[in-house]
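The values are calculated or read from the model by the stated rules, or taken from the named source; none is laboratory data. Please read all numbers here as calculations on a predicted model, not as lab measurements. Cβ coordinates were reconstructed from backbone atoms using ideal geometry, including for glycine residues, and neighbour counts include every protein chain displayed. In case anyone asks, the SASA skips ligands and DNA or RNA and just uses the protein heavy atoms, side chains included. Shrake-Rupley method; radii C 1.70, N 1.55, O 1.52, S 1.80 Å.
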Amino acid sequence: MIEGKDLVKKYGSFLAADHLTLTLNMGESIVLLGANGSGKSTLISMLALIMQPTSGEVTVDGLKGKAAKEKIAYAPQDVVLFEELTVTENLYAWSSLKGAENKARAEYLIAELDMTAFQKKRVDRLSGGQRRRVNLAVALMGNYSYILLDEPLAGIDEYGATCIESLLKKEKSRGCGILLTEHNPTILMPLMDRKLKLDGGRFIE
Ligand SMILES: Nc1ncnc2c1ncn2[C@@H]1O[C@H](COP(=O)(O)OP(=O)(O)OP(=O)(O)O)[C@@H](O)[C@H]1O
Ligand SMILES: [Mg+2]
């Protein structure tokens, strides 16, 4: 499980996460809801071990540091990719897999996320929704137990959303824990076991 205990994040004197405690089990799915600025990205990036909390602690299956981080697939809200590489090259560049498994996973994700038509294109020539799919795919090029996605459907069309839904369903049924953020309820809500709502860095639901 991912355990975030008593997490506090201060930006100067501003409190963006106000003593948040959250547990994500394997096979479980949680959605973090909340308005702009409510603290969703702050919390998910601390749980993904990308952002250091001001105080509090995150463990993943009891582990910390690199070993803990390797168990997490994290796709940030802001798309981060190698702009001059193609889609396929990006998948390999971000991957921690090797050999046949690496190739098979790339092919699987290209098919699942409907990226076949643009897989050989440079990323800086893609549309916003296409880039968002690649952003998700690169996060999934590893051997992780937990998937943390910050607004995975932002800019994604209806068909793309159904592709992501179907992919996450399979990941959940093979035992992955899933945590995602959304502004508004989406097509992914029925897949979610728990809904948490943030406001001003605190849970209000
Ligand atoms: N680097 C930073 N320095 C100062 N304040 C920050 C910084 N990053 C975030 N904040 C503030 O912390 C609060 C929470 O931001 P956060 O990005 O976690 O919100 P969010 O819920 O993800 O919002 P959105 O829906 O817009 O993505 C906001 O008030 C924001 O202005
Ligand atoms: Mg955010």
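What to note about this one:
- Out of Ser41, Ser55, one residue alone is under 17 Å from the mean Cα position of the chain (by Cα) and of a type in the set (Ser, Thr, Tyr). It is Ser41.
- Of all residues in region 58-74, those that are among the aliphatic types (A, V, I, L, M) have Cβ atoms under 8 Å from Cβ atoms of residues that are open to solvent by 70 Å² or more (accessible area, probe 1.4 Å), 6 or more apart or on another chain, in Val58/Lys5; Val58/Lys64; Val60/Met1; Val60/Lys69.
- Residues of region 172-200 satisfying the condition of being in contact with a Phe, Trp or Tyr (Cβ under 9 Å, 6 or more places away or on another chain) and either within 16 Å of ligand 1 (Cβ to nearest atom) or of a type outside the set (A, V, I, L, M) (or both): Cys176, Gly177, Leu179, Leu196, Lys197
- Only a single criterion out of (1) under 23 Å from Tyr11 (Cβ atoms); (2) touching a strand residue (DSSP E or B) at 6+ places or on another chain (Cβ under 9 Å); (3) open to solvent by 50 Å² or more (accessible area, probe 1.4 Å) is not satisfied by Ala48, namely (3).
- Of residues in region 17-26 being closer than 20 Å to Glu205 by Cβ and surrounded by fewer than 20 Cβ atoms within 10 Å (Cβ to Cβ), the one nearest to ligand 2 (Cβ to nearest atom): Asp18
- Residue under evaluation Gly37, criteria (1) part of a loop (DSSP other than H, G, I, E, B); (2) crowded, with 21+ Cβ neighbours inside 10 Å, criterion not met: (2)
- Scan of region 77-124 for residues that are within 19 Å of Cys163 (Cα to Cα) and in contact with a strand residue (DSSP E or B) (Cβ under 6 Å, 6 or more places away or on another chain), ordered by number: Gln77
- Of note, Leu7 does not satisfy the criterion of being out of contact with any Leu (no Cβ under 7 Å at 6 or more places or on another chain) and farther than 21 Å from Asn143 by Cβ.
- Region 41-86, subset among the β-branched types (Val, Ile, Thr) and within 16 Å of ligand 1 (Cβ to nearest atom), residue nearest to Asp199 (Cα to Cα): Thr42
- Matching residues in region 52-70 - criterion: being surrounded by 18 or more Cβ atoms within 10 Å (Cβ to Cβ) and assigned to a loop (DSSP other than H, G, I, E, B): Pro53
- Among the residues of region 78-91, those identified as in contact (Cβ under 8 Å) with a residue 40 or more places away in the chain and surrounded by fewer than 16 Cβ atoms within 10 Å (Cβ to Cβ) are Val80, Phe82, Glu83, Glu84.
- Ser29 being open to solvent by less than 50 Å² (accessible area, probe 1.4 Å), within 13 Å of ligand 2 (Cβ to nearest atom) and out of contact with any Phe, Trp or Tyr (no Cβ under 9 Å at 6 or more places or on another chain): no
- For region 174-195, filtering for residues that are within 16 Å of ligand 2 (Cβ to nearest atom), among the β-branched types (Val, Ile, Thr) and open to solvent by less than 20 Å² (accessible area, probe 1.4 Å) leaves 1.
- Hey, Lys10 charged (D, E, K, R), open to solvent by 30 Å² or more (accessible area, probe 1.4 Å) and within 15 Å of ligand 1 (Cβ to nearest atom) or not: yes
- The residue that is nearest to Asp157 (Cα to Cα), among those in region 97-127 that are among the small types (Gly, Ala, Ser) and open to solvent by 80 Å² or more (accessible area, probe 1.4 Å), is Ala117.
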